[in-house]
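Chemist: If you scroll down you'll find the structure; I have some questions about it.
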Amino acid sequence: MPVNIVKLTYREALRRALREEMQRDENVYMMGEDIGVYGGAFGVSLGLMEEFGKEKIKDTPLSESVIVGAALGSALTGMRPVAEIMFMDFITIGMDQLINQAAKIHYMYGGKARVPMVLRTAGGSGTGAAAQHSQSLEALLCHIPGLKVVMPSTPYDALGLLKSSIRDDNPVVFIEHKLLYSQKGEMPQSEYLVSLGEAKVKRQGTDATIVAFSIMVPKALAAADKLSKEGISIEVIDPRTLVPLDSQRIVNSVKKTHRLLIVHEACGRGGFGAEILAQVEESEAFDYLDAPIRRLTGRNIPIPYSPGLERRTVPQEDDIIQAVSKLVVSE
Amino acid sequence: MPVNIVKLTYREALRRALREEMQRDENVYMMGEDIGVYGGAFGVSLGLMEEFGKEKIKDTPLSESVIVGAALGSALTGMRPVAEIMFMDFITIGMDQLINQAAKIHYMYGGKARVPMVLRTAGGSGTGAAAQHSQSLEALLCHIPGLKVVMPSTPYDALGLLKSSIRDDNPVVFIEHKLLYSQKGEMPQSEYLVSLGEAKVKRQGTDATIVAFSIMVPKALAAADKLSKEGISIEVIDPRTLVPLDSQRIVNSVKKTHRLLIVHEACGRGGFGAEILAQVEESEAFDYLDAPIRRLTGRNIPIPYSPGLERRTVPQEDDIIQAVSKLVVSE
Amino acid sequence: MQPSRSALVQMYKQMLTIRRFEEKVAEFLVKGIIYGTGHLYIGEEAVAVGACRAIKPDDYITSTHRGHGHCIAKGADLNRMMSELLGKATGYCKGKGGSMHIADVEAGNLGANGVVGGGIPIACGAGITIKMKGLKRVVLCFFGDGAVNQGVFHESLNLASVWNLPVIFICENNQYAMSTATRIAFNIEDLSLRAASYGMPGVKVDGNDVLRVYEEISKAVAHARDGKGPSFVVCQTYRWKGHSRSDAEKYRTRQEVAKWKKNCPLKRFGGYLLDKGILSEEEMGQIEGEVISSIKQAVDFAQDSPFPSLETLEEDVYAS
Amino acid sequence: MQPSRSALVQMYKQMLTIRRFEEKVAEFLVKGIIYGTGHLYIGEEAVAVGACRAIKPDDYITSTHRGHGHCIAKGADLNRMMSELLGKATGYCKGKGGSMHIADVEAGNLGANGVVGGGIPIACGAGITIKMKGLKRVVLCFFGDGAVNQGVFHESLNLASVWNLPVIFICENNQYAMSTATRIAFNIEDLSLRAASYGMPGVKVDGNDVLRVYEEISKAVAHARDGKGPSFVVCQTYRWKGHSRSDAEKYRTRQEVAKWKKNCPLKRFGGYLLDKGILSEEEMGQIEGEVISSIKQAVDFAQDSPFPSLETLEEDVYAS
Ligand SMILES: Cc1ncc(C[n+]2csc(CCOP(=O)(O)OP(=O)(O)O)c2C)c(N)n1
Ligand SMILES: Cc1ncc(C[n+]2csc(CCOP(=O)(O)OP(=O)(O)O)c2C)c(N)n1
Ligand SMILES: [Mg+2]
Ligand SMILES: [Mg+2]
């Protein structure tokens, strides 16, 4: 590992981003349930209260609506809050403030006000937390004009994207995945940003493209590795931000590989995979397709508790391998 | 008009459905803001309180979360509530109760409990009510397993579908459109039902299929009429319920016409049109397509107030004509 | 605590401006010149004017669907207001917001709100900014009696209290939320009782008495500026007109409306000013003339203004 | 109001069952035999047992993420509970729900809830059913101190009050919501004060005294059955264990925990029963033996049960 490179977990990378941005800009602060001495349900803010004090790391009462609404109100008046909703499932409680207020204010006010806030939250299944603590609800947010939606899959991206999100002048929902928090990854020691709206080609390939995000990226990469041993060359693209979506990179890849599989954890019906599929269908890549675009998604069921059931509810590495295998033989 | 046929507005048809179901089943009752003496913001329940009394037509305080939650609690214990959220935008306030509770209880409880409730609400733009009173948020609901989603476009369907929704043992979100309330249509005098999950071919055609729902159905039909004068023969399909979706009828139509345009009022990005597109892409109809599937949707912006802007935000008859014209020439 | 003579005159003029402005809006709604919906503030003028007189220009307010009065009391430009109502490019929101979204964040008006209760947590957020930046400002958070039964009311008042935020929560209890009387929606008579749940001061005042409103809000503002935290002030008043564009008003009696009209806040204050010799009939007439001409000017301005061009349609979705 | 001897013995046995059940769950969480999360009721047994003793089998309860105690006190089958916790097909939810979703609607347990406050409006709904069907039942609605700051708490208590619903709202104030002390989350000391906002009776009781809990809930139940509407009862208690699976407990001192452990509800009640001669040491030992064997049986049953088959995965999404 070169000297100017460090290895951090996703959790630590997020913490570093929060620390750097709070050091850089005194308007940045955090609020949420149990983010202070407890460090947040997933430990992301551990130690930050000790470092920045209670005014900057605000423990709130158990009140999601006002967490979202107060964050937006302070953003509207000059702060840059990073609010936390402990589990993504509970953004439903602050939904009016997020969807009807934060997302729309810039437009409704004729462009004369801004809401530079970040709403961090943890999505995804895999921890046995069942139906009300395991959802991937990004599709609900991507549909709402005015919101940006970020879903990093690596520590590197988590850091760079969170910093960009905090500097963005719009409400950004920043969706972390519970199973990624302990994943490690390398990044520069020095400061860097990752821009919102830039997909990343995580692996080059020629036979088919997989678009995957969040936890599905490592799964897709592992699947691609295995497939390469069978001589199948897969390109893996991580959009990293769903809104704005870097459709051009996806389109370009499909023009090269002629086949597309979209993989996400959220329920398939009305999931964001449908939107990606539709955008490719509507693009110039359509003429290059050698097979219909396929989606591999979470099933259209609530997340069950029992571990065997839970595992089968969302795509696993093997499912990806199977889906790609089918795709590359189909014409 | 034959003697056994009556002509009612959409509003009156809904009222008739509510009346018939309350007469038929003593467990059916209504609750919502200003549904009693005021008759609801759009007059649907006008007169029902006088007829059925305050116990059956319950005016609630201004509290959307408990409207949804109490409806589900009473459904869980044996009633069949029809709750009303005045404007669809405000389901965001009751979203936790709808998405995390009502939708999931049957599954989370291992199939041992039911939540037979209907949530009626008015969606759509066109009344100058601006960004917080004009949304079409069905995509948020269609994504959630456990919910059914109904969007009638005619008085006939409104009546038959509402009755079926009330008799359904699941939480059903029943989305009315503000601009449809005064539309008139014919229906039998005698009782009838329209099943959930059955699309309707509203117009037969051979050159292209339009899938449209809610307010876009009359617009699509009007467009199809005009197009027929230019010799273009359009098939118009109204899915009527988005969940469950009668994809087979859509697929069959596409196999016949080889071209598909999906039209809805909601924002395009992550709208339900993407899901319909994806399902057709994934179906056997893919091989029959002579042109890429197209979507014509609301723009990805909040609904603006000024009438000229508002009109241009969502598809109009002319837009449909244009989109179809492009589609039938493309290859 | 009594405002100066010129302040009193200003207050009268503002109340009259609201009244006449709203009468014009009512006319435009009927004639279809105003396209969307509109919620009129007639009968409630003393609340906005009394409250806003108690703050400084750099203080904040959050407003409601019934927001024209707050706007005017906070010093809005009538031209840009009327333009917004007519959906014109010169409006506060370039025609994109309409009646329910007029805002002027730079001037401290954080916006009307189409969602009942929607502005309450936003006021808390402004309070956070004030505290964190060490400003000496306050926030007036207006909402109706209906909003007092929204979950966000509860969460917000609690947060403001535990964080000691400089927010004054002002309930305009006009006795109804749409058709729903407070006696149906509440099992308590005095809504200000709810302050106790959050450990903050609560008081009920005659909301048709502009000086009483001014006085109570001034106290609450001083309290907040002293770093003593939020208050809850309930102003008892009445909505003269229907809830919005169409309202058969079957939920209340003519007698009740008539009774409240006798308790007109504008007449009461006008009478007081005459009694005390602060204004003469003649001066009043002159003010009336000025008000009418300012509204006429606003109408002309709005009517002469262009509609927003279609090119602006997709602008301003995201800030950059 | 004093329960019969056999009822007292039953209560003791239930409290002990909860304690021993939760100790087993704690062990299984550590060993990874229980897969998901789990929130233990140890230290709070008197609330569920005292409250549920005050109702009849056909009355309803709504429960919380910390729901095992309510379940047992409402008479749940330990075998099916333990099976659910182990994710087995024989569990209350066929393994689909887990700890946070155990329900038995037919037996009146409307379910645990993973969303803090999520069960409160549901309790109102059950109250509506009771009223509309003319039943004489009541609903006990359990929730924690954290939930008292959720918007749905506010909306629900108000609705229950204006509609006079037979719901008893029971706050288990165990001093913390996760790491957040009530003194941080509230600006009032006595949470029962909030009842006044809704015009309903409110009372605070020693939640570690099962007989006091029984007594207060009995009063509230009688009130509700008489058609006099809802009540709010706050039970002061303490959570002995960490919030859930992992919790460094940096937000409280060992001394505080030790102090509350001295105030053990189970020991207190046991001591009382001994003092009064209701139970002998020997009988107590016998009860302990029965409890332990019932839990052993539940563990065996659960461990011998099959996991749900994959075929059930997509079942039960929609009722038909
Ligand atoms: C959350 C929400 N629910 C319902 C509505 C529809 N609505 C608009 S104003 C109103 C009544 C508001 O009453 P109140 O808060 O007392 O204000 P007032 O109109 O009396 O000034 C209702 C129900 C809304 N705009 N927002
Ligand atoms: C709406 C919501 N927000 C946050 C959480 C995460 N969470 C689970 S339990 C808990 C604390 C609950 O405190 P309290 O209501 O006092 O119950 P206790 O755990 O003390 O029994 C939190 C924050 C949740 N489950 N639901
Ligand atoms: Mg009112
Ligand atoms: Mg607690």
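The values are calculated or read from the model by the stated rules, or taken from the named source; none is laboratory data. These figures come from a predicted structure and were not determined experimentally. We place every Cβ from the backbone using ideal geometry, glycine too, and count neighbours over all the protein chains shown.
Chemist: Would you mind finding the one in D:C93, D:C71 that is part of a loop (DSSP other than H, G, I, E, B), touching a Phe, Trp or Tyr at 6+ places or on another chain (Cβ under 9 Å) and more than 16 Å from ligand 3 (Cβ to nearest atom)?
Modeler: Being part of a loop (DSSP other than H, G, I, E, B), touching a Phe, Trp or Tyr at 6+ places or on another chain (Cβ under 9 Å) and more than 16 Å from ligand 3 (Cβ to nearest atom) holds for just one of D:C93, D:C71, which is D:C93.
Chemist: Then there's this: Only one of A:A291, A:A278 is part of a helix (DSSP H, G or I), of a type in the set (G, A, S) and touching a Leu at 6+ places or on another chain (Cβ under 7 Å); which?
Modeler: One residue alone meets the criteria, A:A278.
Chemist: Continuing with the same structure: Within the range C:175-198, is there a residue that is more than 13 Å from every other protein chain (Cβ to nearest Cβ), surrounded by fewer than 24 Cβ atoms within 10 Å (Cβ to Cβ) and in contact with a Pro (Cβ under 8 Å, 6 or more places away or on another chain)?
Modeler: No; the residues of the range C:175-198 include none that is more than 13 Å from every other protein chain (Cβ to nearest Cβ), surrounded by fewer than 24 Cβ atoms within 10 Å (Cβ to Cβ) and in contact with a Pro (Cβ under 8 Å, 6 or more places away or on another chain).
Chemist: Residue by residue through the range A:30-65, note down the ones that are at the interface with chain C (Cβ under 7 Å from one of its Cβ atoms) and under 23 Å from the mean Cα position of the chain (by Cα).
Modeler: If the condition is that a residue be at the interface with chain C (Cβ under 7 Å from one of its Cβ atoms) and under 23 Å from the mean Cα position of the chain (by Cα), then A:S65 is the only one that fits.
Chemist: Also: Would you please name the residue that is farthest from the other protein chains (Cβ to nearest Cβ), looking only at residues in the range D:122-167 that are aromatic (F, W, Y) and within 16 Å of ligand 2 (Cβ to nearest atom)?
Modeler: Selected residue: D:F142.
Chemist: Related question: How many residues, within the range D:23-56, are part of a helix (DSSP H, G or I), more than 14 Å from chain A (Cβ to nearest Cβ) and in contact (Cβ under 8 Å) with a residue 60 or more places away in the chain?
Modeler: Residues in the range D:23-56 being part of a helix (DSSP H, G or I), more than 14 Å from chain A (Cβ to nearest Cβ) and in contact (Cβ under 8 Å) with a residue 60 or more places away in the chain: 11 in total.
Chemist: Right, another one. Take the conditions closer than 21 Å to C:H243 by Cβ, buried (at least 24 other Cβ atoms within 10 Å of the Cβ) and in contact with a Pro (Cβ under 8 Å, 6 or more places away or on another chain) and apply them to C:N113. Does it pass?
Modeler: Answer is no for this residue.
Chemist: Tell me the strands (runs of 3 or more DSSP E) entirely within the range B:162-263 that contain at least 1 residues that are crowded, with 24+ Cβ neighbours inside 10 Å and not charged (D, E, K, R).
Modeler: Filter on the range B:162-263 gives B:172-177, B:208-212, B:234-238, B:241-243.
Chemist: With respect to D:N164, determine if the residue is more than 16 Å from ligand 1 (Cβ to nearest atom) and in contact with a strand residue (DSSP E or B) (Cβ under 8 Å, 6 or more places away or on another chain).
Modeler: no
Chemist: So which of D:K261, D:K228 ends up being over 30 Å from C:S192 (Cα atoms), surrounded by fewer than 18 Cβ atoms within 10 Å (Cβ to Cβ), more than 16 Å from ligand 1 (Cβ to nearest atom) and modelled with pLDDT of 95 or more?
Modeler: Criteria check complete, one pass: D:K261.
Chemist: Sticking with this structure for a sec: Scanning for something assigned to a loop (DSSP other than H, G, I, E, B) and on the phi < 0 side of the Ramachandran plot, does the range C:122-129 turn up at least one residue?
Modeler: Within the range C:122-129 (the criterion being assigned to a loop (DSSP other than H, G, I, E, B) and on the phi < 0 side of the Ramachandran plot), the answer is no, since none of the residues qualifies.
Chemist: Next question. Quick one: B:G73 ticks every box in (1) touching a residue at least 12 places away in the same chain (Cβ under 8 Å); (2) buried (at least 24 other Cβ atoms within 10 Å of the Cβ); (3) within 14 Å of chain D (Cβ to nearest Cβ) except a single one, so which number is it?
Modeler: (1)
Chemist: Also, quick follow-up: Would you be able to tell me the number of residues in the range D:153-167 that are more than 16 Å from ligand 4 (Cβ to nearest atom) and either of a type in the set (A, V, I, L, M, F, W, C) or assigned to a strand (DSSP E or B) (or both)?
Modeler: 7
Chemist: Then there is this: Here's a check for you: in the range D:75-108, which residue that is buried (at least 24 other Cβ atoms within 10 Å of the Cβ) and touching a strand residue (DSSP E or B) at 6+ places or on another chain (Cβ under 7 Å) is nearest to the other protein chains (Cβ to nearest Cβ)?
Modeler: Across the range D:75-108, the extreme among qualifying residues is D:A103.
Chemist: For the range A:274-293, give me each residue that is facing another protein chain (nearest Cβ under 7 Å) and of a type outside the set (A, V, I, L, M, F, W, C).
Modeler: Within the range A:274-293, A:E275, A:E281, A:E282, A:P292 qualify.
Chemist: When you look at C:L135, is it touching a helix residue (DSSP H, G or I) at 6+ places or on another chain (Cβ under 6 Å) and of a type outside the set (K, R), yes or no?
Modeler: no
Chemist: Might you check whether a residue that is polar (S, T, N, Q), over 17 Å from the mean Cα position of the chain (by Cα), within 16 Å of ligand 2 (Cβ to nearest atom) and closer than 30 Å to D:L273 by Cα occurs anywhere in the range D:170-192?
Modeler: yes
Chemist: Is there any pair with a first residue in the range D:172-195 that is at positive phi and modelled with pLDDT of 95 or more and a second that is within 12 Å of ligand 4 (Cβ to nearest atom) and assigned to a helix (DSSP H, G or I) whose Cβ atoms are under 7 Å apart and which are 6 or more apart or on different chains, and what are they?
Modeler: Listed pairs, sorted by first residue: D:Q175/D:T182.
Chemist: How about the range B:86-123: which of its residues are crowded, with 24+ Cβ neighbours inside 10 Å and either within 16 Å of ligand 3 (Cβ to nearest atom) or among the acidic types (D, E) (or both)?
Modeler: B:D89, B:D96
Chemist: While we're here: Within the range C:220-228, can one find any residue that is in contact with a helix residue (DSSP H, G or I) (Cβ under 7 Å, 6 or more places away or on another chain) and either in a loop (DSSP other than H, G, I, E, B) or more than 16 Å from ligand 4 (Cβ to nearest atom) (or both)?
Modeler: Within the range C:220-228, none of the residues are in contact with a helix residue (DSSP H, G or I) (Cβ under 7 Å, 6 or more places away or on another chain) and either in a loop (DSSP other than H, G, I, E, B) or more than 16 Å from ligand 4 (Cβ to nearest atom) (or both).
Chemist: Follow-up. Out of curiosity, is D:A248 over 21 Å from the mean Cα position of the chain (by Cα), surrounded by fewer than 19 Cβ atoms within 10 Å (Cβ to Cβ) and either among the β-branched types (V, I, T) or under 19 Å from D:E27 (Cα atoms) (or both)?
Modeler: Answer is yes for this residue.
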